[in-house]
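Undergrad: Below are the structure tokens for one structure; questions will follow.
The values are calculated or read from the model by the stated rules, or taken from the named source; none is laboratory data. Keep in mind the model is a prediction, meaning the values are calculated, not measured. Methodologically, a virtual Cβ is constructed for each residue, glycine included, from the backbone with ideal geometry; neighbour enumeration extends over all protein chains shown. These area figures cover heavy atoms from the full protein model, side chains too; ligands, DNA and RNA do not enter into them. Shrake-Rupley method; radii C 1.70, N 1.55, O 1.52, S 1.80 Å.
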Amino acid sequence: MTQPSDKALVPFVSVDNMMRLIHHIGVEQMITQIAAQIEADFKRWESFDKTPRIPAHSPHGVIELMPTSDGEAYGFKYVNGHPKNTSEGLQTVTAFGLLADVYTGYPTLLTEMTMLTALRTAATSALVGRYLASKSASTMAMIGNGAQSEFQCLAFKAMCGIDTVRLYDTDPNATAKCAANLQGKGLAVIPCKTPEDAIEGAQIITTCTADKKYATILTDNMVGPGVHINAIGGDCPGKTELHRDILLRSDIFVEYPEQTRIEGEIQALEADHPVTEMWQVMTGQAKGRTDDRQITLFDSVGFAIEDFSALRYIKKAIEGTEFFEPLDMLADPDDPRDLFGMLMRAE
Ligand code: NAD
């Protein structure tokens, strides 16, 4: 039996190893470090190939591919969105991803990305929050207390100085789960019975619900001046969270407009409604929050560059560690043209 050469072995990070790595680094620390990588990559936005992600819609949910490249590395994420899954004991969102070397085309990393997506989404939200939320923000309403919610709360604590979270979910069991998971994590946690109660006194409102419809998690009268809204759950055609009137009162910030206009809250607006791209805020070409009474809205859908940043972060983080396994996933014959001979010798 021929042994695969080292250059053909691809580092593979399993869910188990990802969890060990996260514990090794620390959840908040890792979110903060991934955010720094995302910020650095957003600041060199123009060096990336960009395309809206490629969806395969079905009545059950959506499966998406999210590719990008900076000319040296290529990355993609496979991700699904199936809001009905939790009622069957399955996750709404699962993902895995791959990084490759553009020069050879060989993969350089294969990794689980369900955990990593929660970290990178939280990292992106809090990074954007740092540019857009009031500097004195201390309370966040967390509406939708599912898989992403604890990561979001900890990211805003670590990066935006949030010390109190007010939780609301239509399913009280989800709120109880989130509250229990956040015990001892340095946040005051207040479970709420209504969304109106949850937003009381909150300077930041995060909506992270999953339902494939034009939902109205927030109505116009619920959003006061000065609030920053971090709207994550509306990320698919026909799936939004905010009443249109809120959009009309807000300054709207997005990742990649070409994708957000298809998938984000702004699908409810005219195609030429002005939005600001976050990479331009980060590079100083556009303004973020300009006054205390402004309502800022991050219409987040999740963009491929955030996954690329997270993948590159993981590739570096596992170097010299035991948090991965070498995976024999590339046929790499000694004579590159003798693929058949390699097969015959293996008999
Ligand atoms: P999840 O299914 O684990 O949790 C969603 C929660 O929302 C559930 O607890 C559900 O009871 C609650 N909910 C549904 N309708 C509600 C309502 N009207 N009011 C309050 N709560 C309500 O899903 P998740 O993994 O936490 O993801 C949440 C959403 O975020 C999904 O739609 C997902 O597609 C999206 N998402 C976006 C990004 C991004 O980058 N923008 C990344 C990951 C996930």
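Undergrad: For the stretch 233-347, restrict the atom set to alpha-carbon positions and state the Rg and Dmax in Å.
TA: Just the Cα atoms of the stretch 233-347 yield Rg and Dmax of 22.9, 72 Å.
Undergrad: Moving on to the next point. Test of understanding: express the Cα radius of gyration of the stretch 43-187 as a ratio to 2.2 N^0.38 Å, with N the residue count. Each step should come with its number before you reach the end.
TA: Working: Rg = 17.6 Å, N = 145, 2.2 N^0.38 = 14.6 Å.
Expressed relative to 2.2 N^0.38 Å, the Cα Rg reads 1.21.
Undergrad: Which value, in Å³ per residue, describes the convex hull spanned by the Cα atoms of the stretch 271-313?
TA: Values: hull volume 4.9 nm³, N = 43.
In the stretch 271-313, the Cα hull volume divided by residue count equals 113 Å³.
Undergrad: Suppose only helical runs count, i.e. DSSP H with n ≥ 4. What mean residue ellipticity at 222 nm does that imply for the chain under -39500 (n - 2.57) per run, divided by all residues and rounded to the nearest 500 deg cm²/dmol? Please list the in-between numbers first.
TA: Numbers: 11 runs with 111 residues, N = 347.
Calculated at 222 nm, the ellipticity per residue is -9500 deg cm²/dmol.
Undergrad: While we're looking at this one, here's another question. Over the stretch 241-347, what is the relative contact order in whole percent, taking alpha-carbon pairs under 8 Å and six or more residues apart? Before the final figure, lay out the partial values.
TA: Details: 77 pairs, mean separation 29.5, N = 107.
Worked out over the stretch 241-347, it gives 28 percent.
Undergrad: If you don't mind, there's one more thing I want to ask. Can you give the Rg and Dmax of the stretch 176-299 based on its C-alpha atoms, in angstrom?
TA: Just the Cα atoms of the stretch 176-299 yield Rg and Dmax of 15.2, 46 Å.
Undergrad: Nearest 5 is fine: what % of DSSP beta bridges in the chain come out antiparallel, could you say?
TA: Details: 31 of 61 bridges.
In the chain, DSSP labels about 50 percent of beta bridges as antiparallel.
Undergrad: Another one. Treating only the Cβ atoms of Lys and Arg (+1) and Asp and Glu (-1) as charged, compute the dipole magnitude of the stretch 190-262 about its Cα centre; round to the nearest 20 debye.
TA: Values: 7 positive and 11 negative charges, 44 e Å.
About 220 debye.
Undergrad: Relative contact order of the stretch 21-127, please, whole-number percent, based on alpha carbon pairs below 8 angstrom and at least 6 residues apart. Please report the intermediate quantities before stating the final value.
TA: On the way: 159 pairs, mean separation 23.1, N = 107.
Dividing the mean separation by the residue count of the stretch 21-127 yields 22 percent.
Undergrad: Here are some pairs, LYS135/LYS239; LYS77/LYS316; LYS77/LYS315; LYS84/LYS212; LYS135/LYS177; which of them have Cα atoms lying more than 20 Å apart in this structure? All intermediate terms of the calculation are to be shown ahead of the outcome.
TA: Numbers: LYS135/LYS239 31 Å; LYS77/LYS316 18 Å; LYS77/LYS315 14 Å; LYS84/LYS212 9 Å; LYS135/LYS177 29 Å.
Long pairs (Cα-Cα over 20 Å): LYS135/LYS239; LYS135/LYS177.
Undergrad: Put +1 on the Cβ of each Lys and Arg and -1 on the Cβ of each Asp and Glu in the stretch 29-114; which of VAL93, TRP45, SER69 then has its Cα farthest toward the positive end of the dipole?
TA: Farthest towards the positive pole: VAL93.
Undergrad: Further, regarding this structure: Taking all protein chains in place and a 1.4 Å probe, what share, in percent, of the accessible surface of the stretch 19-116 do carbon and sulfur account for?
TA: On the way: 2780 of 4720 Å².
Result for the stretch 19-116: 59 percent of the exposed heavy-atom area is carbon or sulfur.
Undergrad: With a Förster radius of 56 Å, plug the Cβ-Cβ distance of GLU270 and VAL15 into 1/(1 + (r/R0)^6) and report the FRET value to the nearest 0.05.
TA: Working: r = 42 Å, r/R0 = 0.76.
Rounded to the nearest 0.05, the efficiency is 0.85.
Undergrad: Give the cross-link partners of LYS43 among the lysines, using a straight C-alpha distance below 16 Å as the criterion and excluding same-chain residues fewer than 8 apart.
TA: LYS287
Undergrad: What is the angle, in °, between the Cα long axis of helix 149-160 and the longest principal axis of the Cα atoms in the chain? Nearest 10 is fine, range 0 to 90.
TA: It works out to around 80 degrees.
Undergrad: Do you know the relative contact order of the chain, to the nearest whole percent, from alpha carbon pairs under 8 angstrom that are 6+ apart? Write down the numbers at each step before the final one.
TA: Details: 712 pairs, mean separation 72.9, N = 347.
The value is 21 percent.
Undergrad: On to the next question. Name all residues of the stretch 201-232 having a backbone nitrogen under 17 Å from the label point set 7 Å from the Cα of ASN173 along its Cα→Cβ direction, giving them as ranges.
TA: The answer is 210.
Undergrad: Sticking with this one: Convex hull over the Cα atoms of the chain, averaged projected area in nm²?
TA: Details: hull surface 75.4 nm².
Over every viewing direction, the Cα hull of the chain projects on average to 18.9 nm².
Undergrad: Keeping every protein chain present and rolling a 1.4 Å probe, give me the accessible area per residue for the chain in Å². Could you put the intermediate results ahead of the total?
TA: Numbers: 15660 Å² over 347 residues.
Dividing the accessible area of the chain by its residue count gives 45 Å².
Undergrad: While we're here: Short version: ³J(HN,Hα) in whole Hz for each residue of the stretch 267-281, in order, from phi by Karplus 6.51 cos²θ - 1.76 cosθ + 1.60 (θ = phi - 60°), x for Gly and Pro, what are they?
TA: 4, 7, 10, 5, 5, 10, 4, x, 9, 10, 8, 4, 5, 6, 5
Undergrad: If amide hydrogens are placed 1.01 Å from N in the peptide plane, which non-local residues have theirs closer than 5 Å to the one on THR276?
TA: Close amide H contacts, sequence-distant or interchain: ILE252, PHE253, VAL254.
Undergrad: Working out 0.36 nm times the residue gap between ILE25 and ASP335, then minus their Cα-Cα distance, what length gain in nm do you get to one decimal? Please report the intermediate quantities before stating the final value.
TA: Working: separation 310, 0.36 × 310 = 111.60 nm, distance 4.15 nm.
Taking ILE25 through ASP335 to full extension adds about 107.4 nm, to one decimal.
Undergrad: Once phi is turned into ³J(HN,Hα) by the Karplus curve 6.51 cos²θ - 1.76 cosθ + 1.60 with θ = phi - 60°, what whole-Hz value does each residue of the stretch 125-140 show in order, with x for glycine and proline?
TA: 4, 6, 4, 5, x, 5, 7, 10, 6, 4, 5, 8, 4, 10, 10, 10
Undergrad: By average Cβ neighbour count within 10 Å, what is the ranking of 12-21, 236-245 from highest down? Display every interim value, and only then the final one.
TA: Working: 12-21: 17.9, 236-245: 19.9.
In descending order of packing, they fall as 236-245, 12-21.
Undergrad: If Rh is defined by the Kirkwood formula over all Cα pairs and Rg also comes from Cα, what ratio Rg/Rh do you get for the stretch 145-198? Don't skip to the end; give the middle numbers.
TA: Details: Rg = 10.3 Å, Rh = 11.0 Å.
The Rg/Rh ratio comes out at 0.93.
Undergrad: With a 1.4 Å probe and every protein chain kept in, tell me what percent of the accessible surface of the stretch 201-347 is carbon plus sulfur. Walk me through the numbers before you get to the answer.
TA: Working: 3380 of 6760 Å².
Summing carbon and sulfur atoms, their accessible area is 50 percent of the total for the stretch 201-347.
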